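Here, each number is a calculation from the coordinates, and none is a lab measurement. Every value quoted in this text rests on a predicted model; they were computed, and no experiment measured them. Positions of Cβ are backbone-derived with ideal geometry, glycine not excepted, and every protein chain shown enters the neighbour counts.
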Amino acid sequence: MIKEENFRGTFYPDSKDEVLRYFDHFNKILEDVKLDLKAPFEPKAIISPHAGYIYSGFSANIAYKIASYKEYQRVVIIGPSHRVYLDGASVALYDGYSTPFGEIEVDLEYSKKLISRFKELTFEANAHKEHSTQTQIPFIKYYFPKSKIVEIVYGKIGYQSLAKMIEYILSQKDTLLVISTDLSHFYTQKEANELDSICINAIANKNLDMLDMGCEACGMIGLKAILDIAIKQDFNTKVLDYRTSFDASGDDSSVVGYTSAIIG
């Protein structure tokens, strides 16, 4: 069964050509500012935002662009559930997903292995009408055309439990992990910058405690889990970009914050 995207035509364009215009535009900016796109270490995971591409696509694109210099057998996306209450987390058991760039195959064997290995995991179809994970899929299909995907949507789960899954996932050398999260929501630009700087400093300094000092990431559980593993395994972290919806809308009265980073 091929899963149709629920947010195609809303969070990102319906057509391949329109999505390519976004990606080409983002990459032209990177060329113009001569940003060094060579990763200072091999990325094992990226942190990527999940709003409409007009708002957060530039931040997400940098992470995918930098990570794409290596090929991966699979890309695992982990994102929070915004619409469905979940105890634990759900792993998608579809054959694949449709994308503007064609179908992308789900790594079903690996997805089932995760369910059999971790008691917190199941498959709840309604949980996979989720923008935090689906907004990542066109990037993955474009930058990693040979990769399969695994989609995990989490609800009520401790970050330590999610960290155990991440530790196992990252033990596979041919796997890239995507942690999907936005930052603060609906503050003024000044307030958002102050709150989001806490999240960004926590990522940059691998400081788990700092996340509880005012960071308001909607994917906080995923963020804590990946930082927990980064600390335990002495991974490097590098923040790549930060912006808010103000950069696209020009409205500084109520903004949403976005960042991207690489970990490895």
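Things worth noting here:
- Each of 108, 98, 263 was scored by the projection of its Cα onto the charge dipole of the chain, and the greatest displacement toward the positive side belongs to 108; charges sit on the C-beta of Lys, Arg, Asp and Glu.
- Sum of -39500 (n - 2.57) over DSSP H runs of 4+, divided by residues of the chain (222 nm, nearest 500): -11500 deg cm²/dmol
- Of the residues 12, 242, the one with the fewest other Cβ atoms within 10 Å heads the list, and the complete ranking is 242, 12.
- Among 131, 82, 50, the ranking by other beta carbons within 10 Å of each residue's beta carbon, starting with the fewest, stands as 82, 131, 50.
- Amide H to amide H distances under 5 Å link residue 88 with 155, 156, 157, where only residues 5 or more positions off or on other chains count and H is placed in the peptide plane.
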